[in-house]
1. Take the alpha carbon atoms of the range 1-59, find their center, do the same for the range 115-148, and report the distance between the two centers in whole angstrom.
2. Given a Förster distance of 22 Å, report the FRET efficiency between Asn57 and Ala208 from their Cβ-Cβ distance, rounded to the nearest 0.05.
3. Pop the C-beta distance of Ser23 and Glu226 into the FRET formula with R0 = 41 Å and round what comes out to the nearest 0.05.
4. For a label point 7 angstrom out from the Cα of Asp122 toward its Cβ, which stretches of the range 94-114 have the backbone nitrogen within less than 14 Å?
5. Taking the highest mean first, how do the peptides 288-296, 198-206 order by number of other beta carbon atoms within 10 angstrom per residue?
6. Return the whole-Å distance between the Cα centroid of the range 64-85 and the Cα centroid of the range 172-206.
7. Just to verify a number: FRET efficiency for Asn184 and Gln33, C-beta to C-beta distance, R0 = 22 Å, to 0.05?
8. Among DSSP beta bridges whose residues both lie in the range 2-294, state the antiparallel percentage, nearest 5.
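Derivation of every value follows stated rules applied to the coordinates shown; laboratory data play no part. In this text the structure is predicted, and so the values were computed from the model without any measurement. Cβ: placed from backbone, ideal geometry, glycine included. Neighbour counts: every protein chain shown.
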Amino acid sequence: MFQPLLEAGLRQTMQRMVRPMLSNVVPLKWQRQLIRQAYRTSVPPRSARFTLDDLGNVPVIRTVATPETRGVIIYLHGGGYIIGSANTHKGITGHLAKLSGCEVITPEYRLAPEHPFPAALDDAESVYLALISQGQPAGSIALAGDSAGGGLALALTMRLRDHQQPLPSSITCFSPWTDLSQANLYQPECEPVLQETWTANAAKLYAAGEPLTNPLISPLHGNLTELPPLLIQVGSQEILLNDASRLADAAKRDGVETHLEIYNNLWHVFQVHCGQLARATQAVTVAAHHIRRHLTG
């Protein structure tokens, strides 16, 4: 009985508090401040420990939540490439660290419009290659991300492949934003979080004149051949549902081991409620298993 009430309450919170702030009428500096406050409801587990570090000249937050760790997850946060931070996502990275037994490294990649494409991609690549240069086997590194961060994880892997760099062991995408041209957005009856006009503006700010169909901006328009095993999770109540399903179809077409999970009546990146909402905890547990199963180093 409690979980349905909690789910309904969280949905109302998203609709009444988060969705209105993700609007083009709200100045970007306010959006960044408000989203920091909103993410305070995403609480990490008590065992999570966070430390600041620098990898490849990029600030990162390292997260550990178990006495011993095996493997590393590079987690790329969402926020349309214009808001969000490593700090806002401590809740989800803390739970992912606990459930996977991995260390989670969250880059503080540069945001648009101050730093448009390819700044975020360059920073993500710098962190990954810094780990490799320190002796971390690629097979012991997994990539994960939500929303824009999910798209960034795919773009990073495509760039690594094209540059003949060793690839991560797996990719996990929560509600990935994979087509910034917004050519085929889903239109749910209820969308508690995102507004199409806001994502369109974020795409414009990030691309800064580059074609929105550039595969390193919109991975759905690229060749996904040779990418590692891919897990995609998405809610049925979000405009990015089609991004997720189209990504799964494209990945399978290109021979990528792919698993798509659609969570009925849940919203954009519902996984941030892990530890509170049972279905969010279940989803992150599935993601942790996917990551552990493919670690080889």
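1. For the range 1-59 versus the range 115-148, the Cα centre distance is 23 Å.
2. 0.50
3. For Ser23 and Glu226, the calculated efficiency is 0.55.
4. 109-112, 114
5. Going by the mean number of other Cβ atoms within 10 Å, highest first, we get 198-206, 288-296.
6. 21
7. 0.10
8. 35
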